[in-house]
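Data first, discussion second: the structure below is written as structure tokens.
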Amino acid sequence: MRLTKLEHAALVLEEDGKTLIIDPGSFTRPTAESIGDASSVVGIVLTHEHADHWTPAQLNALIEAAPGIRLFAPEGTTAAISASDPAVKAEVTVVHAGDEITVGPFELRFFGGKHAVIHSSIPIVDNVGVLVNDVLYYPGDSFAVPEGIEVDALATPVGAPWLKIAEVIDYVLEVKPKRSFATHEMVLSDAGKSMGGDRIRWATEQNGGTYISLTPGDSVEL
């Protein structure tokens with residue numbers, strides 16, 4: 001399975017000529033243009049409703065290129081999509097922690113359920129982490145641990161209003177991935193990205209894992 005990291009939270013996965021996209025949001029370049037042949041896209045996973053993880057423009061451009069595309073998201077995101085302007089022209093399959101779904105060559109398993117706390121004044125929204133083909137785990141905006149799973153590759157959030165680097169380090173130490181890379185990085189300066197990546201590297205190596213340094217547009221075989 002080939003992974004390409006785009007800006008911020010957006011990930012593109014390719015397997016057997018089909019494509020799965022995770023969280024194409026407002027901090028990400030137009031995803032339909034970035035991936036070239038968008039007609040290969042069979043599914044989009046949205047971890048939660050915040051705009052840096054999805055926008056109507058991103059979804060509609062992908063749906064126009066691949067009309068049969070399937071969308072998967074938690075309840076709060078589904079409601080936001082239904083109320084969006086411009087309207088998103090697709091139905092969404094609601095997913096919860098514990099659900100398992102197959103779309104094309106991709107096996108999806110969902111974990112967690114809630115976004116990490118940003119502040120007591122800000123509502124906590126639905127959020128799901130997703131495990132793809134028992135290889136890649138991405139927690140969305142949470143530190144949800146996929147219990148009982150030996151994580152091969154962990155997409156690790158590195159910069160956000162809801163996290164501090166001590167929590168990121170503890171999270172990686174707890175998950176013990178064989179490989180890791182940083183994501184959710186567009187709120188950081190270049191210096192901040194480098195510092196955060198170094199901390200993720202250290203935490204990954206404590207359990208014998210390897211850190212992969214990826215910048216937007218980079219790809220790796222998982």
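The values are calculated or read from the model by the stated rules, or taken from the named source; none is laboratory data. Computed from a prediction, not measured in an experiment: that's the story for all the values here. Counting neighbours? That spans all protein chains shown, and the Cβs are built from the backbone with ideal geometry, glycine included. Accessible surface is based on the protein model in full, side chains and every heavy atom, while ligands, DNA and RNA are left aside. Shrake-Rupley method; radii C 1.70, N 1.55, O 1.52, S 1.80 Å.
Taking the conditions exactly as written (open to solvent by less than 90 Å² (accessible area, probe 1.4 Å), outside any strand (DSSP E or B) and modelled with pLDDT of 95 or more), does Ile118 satisfy them or not?
Details: open to solvent by less than 90 Å² (accessible area, probe 1.4 Å): yes; outside any strand (DSSP E or B): yes; modelled with pLDDT of 95 or more: yes.
So Ile118 fits the description; yes.
Looking at the range 148-161 only, could you name the residues that are buried (at least 17 other Cβ atoms within 10 Å of the Cβ) and of a type in the set (A, V, I, L, M, F, W, C)?
Across the range 148-161, the qualifying residues are Val151, Ala153, Leu154, Ala155, Val158, Ala160.
Taking the condition over 27 Å from Leu59 (Cα atoms) and charged (D, E, K, R), does Glu174 pass?
Numbers: over 27 Å from Leu59 (Cα atoms): yes; charged (D, E, K, R): yes.
In short, yes.
What residue, among those in the range 201-222 that are open to solvent by 60 Å² or more (accessible area, probe 1.4 Å) and not in a loop (DSSP other than H, G, I, E, B), is nearest to Asp190 (Cα to Cα)? Walk me through how you get there before you give the answer.
The initial filter retains those residues of the range 201-222 that are open to solvent by 60 Å² or more (accessible area, probe 1.4 Å), namely 201-202, 205-208, 210, 213, 215, 221.
Filter again for not in a loop (DSSP other than H, G, I, E, B), leaving 201-202, 205, 210, 221.
Values: Arg201: 16, Trp202: 19, Glu205: 22, Thr210: 21, Glu221: 25 Å.
Residue satisfying both the conditions and the ranking: Arg201.
Here is a check on your reading of the model: is Val145 over 18 Å from Leu3 (Cα atoms), open to solvent by less than 40 Å² (accessible area, probe 1.4 Å), in contact with a strand residue (DSSP E or B) (Cβ under 6 Å, 6 or more places away or on another chain) and touching a residue at least 12 places away in the same chain (Cβ under 8 Å)? Talk me through it step by step, then tell me what you get.
Numbers: over 18 Å from Leu3 (Cα atoms): yes; open to solvent by less than 40 Å² (accessible area, probe 1.4 Å): yes; in contact with a strand residue (DSSP E or B) (Cβ under 6 Å, 6 or more places away or on another chain): no; touching a residue at least 12 places away in the same chain (Cβ under 8 Å): yes.
No, not satisfied.
Just to be sure before I move on: is Ser180 touching a strand residue (DSSP E or B) at 6+ places or on another chain (Cβ under 8 Å) and either outside any loop (DSSP other than H, G, I, E, B) or of a type in the set (Val, Ile, Thr) (or both) in the structure I sent?
Values: touching a strand residue (DSSP E or B) at 6+ places or on another chain (Cβ under 8 Å): yes; either outside any loop (DSSP other than H, G, I, E, B) or of a type in the set (Val, Ile, Thr) (or both): yes.
Yes.
Per-residue answers, yes or no, for (1) in a loop (DSSP other than H, G, I, E, B); (2) buried (at least 20 other Cβ atoms within 10 Å of the Cβ); (3) out of contact with any Asp or Glu (no Cβ under 9 Å at 6 or more places or on another chain):
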| residue | (1), (2), (3) |
| --- | --- |
| Thr28 | yes, yes, no |
| Gly36 | yes, no, yes |
| Ile44 | no, yes, no |
| Thr47 | yes, yes, no |
| His50 | yes, yes, no |
| Glu64 | no, no, yes |
| Asp85 | yes, no, yes |
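Has the range 130-140 got at least one residue that is among the hydroxyl-bearing types (Ser, Thr, Tyr), buried (at least 17 other Cβ atoms within 10 Å of the Cβ) and either touching a residue at least 60 places away in the same chain (Cβ under 8 Å) or over 22 Å from Val45 (Cα atoms) (or both)?
Kept after step one, since they are among the hydroxyl-bearing types (Ser, Thr, Tyr), are these residues of the range 130-140: 137-138.
Those left that are additionally buried (at least 17 other Cβ atoms within 10 Å of the Cβ): 137-138.
Still in the running and either touching a residue at least 60 places away in the same chain (Cβ under 8 Å) or over 22 Å from Val45 (Cα atoms) (or both): 138.
Looking through the range 130-140, at least one residue is among the hydroxyl-bearing types (Ser, Thr, Tyr), buried (at least 17 other Cβ atoms within 10 Å of the Cβ) and either touching a residue at least 60 places away in the same chain (Cβ under 8 Å) or over 22 Å from Val45 (Cα atoms) (or both).
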